[in-house]
1. Any idea which residue in region 92-117 is farthest from the chain's Cα centre (by Cα), counting only those that are closer than 19 Å to residue 301 by Cβ and surrounded by 17 or more Cβ atoms within 10 Å (Cβ to Cβ)?
2. Inside region 211-238, can you point out the residues that are touching a Lys or Arg at 6+ places or on another chain (Cβ under 9 Å) and within 16 Å of ligand 1 (Cβ to nearest atom)?
3. Report yes if residue 181 is at pLDDT below 95 and away from ligand 1 (no atom under 16 Å from the Cβ), otherwise no.
4. Considering only region 264-321, state which residues are in a strand (DSSP E or B), open to solvent by less than 30 Å² (accessible area, probe 1.4 Å) and either within 16 Å of ligand 2 (Cβ to nearest atom) or at pLDDT below 95 (or both).
5. Among residues belonging to region 232-249 that are assigned to a loop (DSSP other than H, G, I, E, B) and out of contact with any strand residue (DSSP E or B) (no Cβ under 6 Å at 6 or more places or on another chain), point out the one that is least open to solvent (accessible area, probe 1.4 Å).
6. Checking residue 56 against (1) within 21 Å of residue 280 (Cβ to Cβ); (2) over 14 Å from the mean Cα position of the chain (by Cα); (3) not assigned by TED's automatic domain parsing to the domain that holds residue 204, which single condition isn't satisfied?
7. Hey, among 173, 167, which residue is more than 16 Å from ligand 1 (Cβ to nearest atom), among the β-branched types (Val, Ile, Thr) and either within 18 Å of residue 29 (Cα to Cα) or in contact with a His (Cβ under 9 Å, 6 or more places away or on another chain) (or both)?
Amino acid sequence: MIDLITTLAEAYGPVGQESGVRQTIEQLIKPYVDEIRTDPLGNLIAYKSGSSSENRIMLSAHMDEIGLMVTHIDENGFLRFQPLGGVGPWTSLGQRVRFADGTVGAVSSEKLKDIKELEFDKMFIDIGATSAGEAQQKVRIGSVACFDRTVAVQGKRLSGKALDDRVGCAVLVEALRRLEAPVSDVYAVFSVHEEVGARGAGPAAYSIDPTVGIAIDVTPTGDTPEGEKLPVKLGEGVAIKVKDSSLLTHPKVKEHLAELAEKAGIKHQYEVLGYGGTDAGTIHTIRAGIPSGAISIPVRYVHTPVEMVDLDDVEAAVELTCALLESPVPDLA
Ligand code: CO
Ligand code: ZN
């Protein structure tokens, strides 16, 4: 599991450039599914038939990560940029970032009178170029850099960039590997464009027309010093989403997930979030409405280069995903 998470998290894959991550995942899941296709937006959709084709379960983990997009190259070769997805100026400052071709840059800012003035339009990326021409040999307007960070392992805790949502991708890959006898037809979606408003999962859900839709994504925790008042704690198990700003989990879906966790003795907790969203926020609004929910993996410091997960929570998420796929879908009416 550690190797799988590391491989996926360290890969380059900002919103709109998920192809590298997609190729890696396709190779990983090929032996375990019946069919794989990539849809017109770039979603990877894997199908595994169940013992009954009465119901279809769609699971969605997003491949994309947040990034910084180049908007201007100045005469000295410094790059101005805008955020791609929910990346903040504070968490970008002082970071090393990496472009698709391997070019690395340092993120810095103009001299500020007050650090509170730190905004993206006062910041730049330095790729070591000495002129616009030299910079243009490596990057263009529209090139995207992601945090450049390897995964660190300390006991049960992993820290790195893009665990949102490569840890969710790892959970879905691992669940497909372990899955013995799915009851319903399984559609495992590795989606694109989540970080800019969960845009990829909608068309995927439209084509699959699932009975139920489940996002596998991360959720922030409230267990750090003087942190946000959030119920989720790192190491306390997989989180079953109750709500975020994009979704109220379908009550029967929530109940079903909770019952499965209880029956199988999977450590779990409930997530109530006042902001944020996942693919489930889009999936449930597709067609005539798709009952949806989310299996959430607790992550500290979401959208920073030092996102942190606990391996026990990851394992619990894999177990709950398998339990869901190895049980019949209850009556959701
Ligand atoms: Co995110
Ligand atoms: Zn996410």
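1. Residues of region 92-117 closer than 19 Å to residue 301 by Cβ: 92-97, 107.
Filter again for surrounded by 17 or more Cβ atoms within 10 Å (Cβ to Cβ), leaving 92, 95, 97, 107.
On the way: 92: 19, 95: 21, 97: 19, 107: 23 Å.
Only one residue fits best here, namely 107.
2. From region 211-238, those touching a Lys or Arg at 6+ places or on another chain (Cβ under 9 Å) are 211-212, 215, 217, 219-224, 227, 234-238; that's our starting set.
Passing the criteria: 215, 217, 219, 220, 221.
3. Working: at pLDDT below 95: yes; away from ligand 1 (no atom under 16 Å from the Cβ): yes.
Answer is yes for this residue.
4. Of the residues in region 264-321, the ones in a strand (DSSP E or B) are 268-272, 292-300, 307-310.
Of the ones still in play, those that are also open to solvent by less than 30 Å² (accessible area, probe 1.4 Å) are 269, 271, 292-299, 307, 309-310.
Of everything in region 264-321, those that are in a strand (DSSP E or B), open to solvent by less than 30 Å² (accessible area, probe 1.4 Å) and either within 16 Å of ligand 2 (Cβ to nearest atom) or at pLDDT below 95 (or both) turn out to be 271, 292, 293, 294, 295, 296, 297, 298, 299, 307, 309.
5. Taking region 232-249 and keeping what is assigned to a loop (DSSP other than H, G, I, E, B), we get 232-237, 245-246, 249.
Next, from what is left, pick out any that are out of contact with any strand residue (DSSP E or B) (no Cβ under 6 Å at 6 or more places or on another chain): 233, 245-246.
On the way: 233: 105, 245: 82, 246: 40 Å².
So the residue we want is 246.
6. (3)
7. Numbers: 167 fails: more than 16 Å from ligand 1 (Cβ to nearest atom).
Step by step, each of 173, 167 is checked, and only 173 is more than 16 Å from ligand 1 (Cβ to nearest atom), among the β-branched types (Val, Ile, Thr) and either within 18 Å of residue 29 (Cα to Cα) or in contact with a His (Cβ under 9 Å, 6 or more places away or on another chain) (or both).
The values are calculated or read from the model by the stated rules, or taken from the named source; none is laboratory data. None of the values given here were measured: they were computed from a predicted structure. Glycine gets a Cβ as well: all are built from the backbone with ideal geometry, and neighbour counts include every protein chain shown. All accessible areas refer to the heavy atoms of the entire protein, side chains included, with ligands and DNA or RNA removed. Shrake-Rupley method; radii C 1.70, N 1.55, O 1.52, S 1.80 Å.
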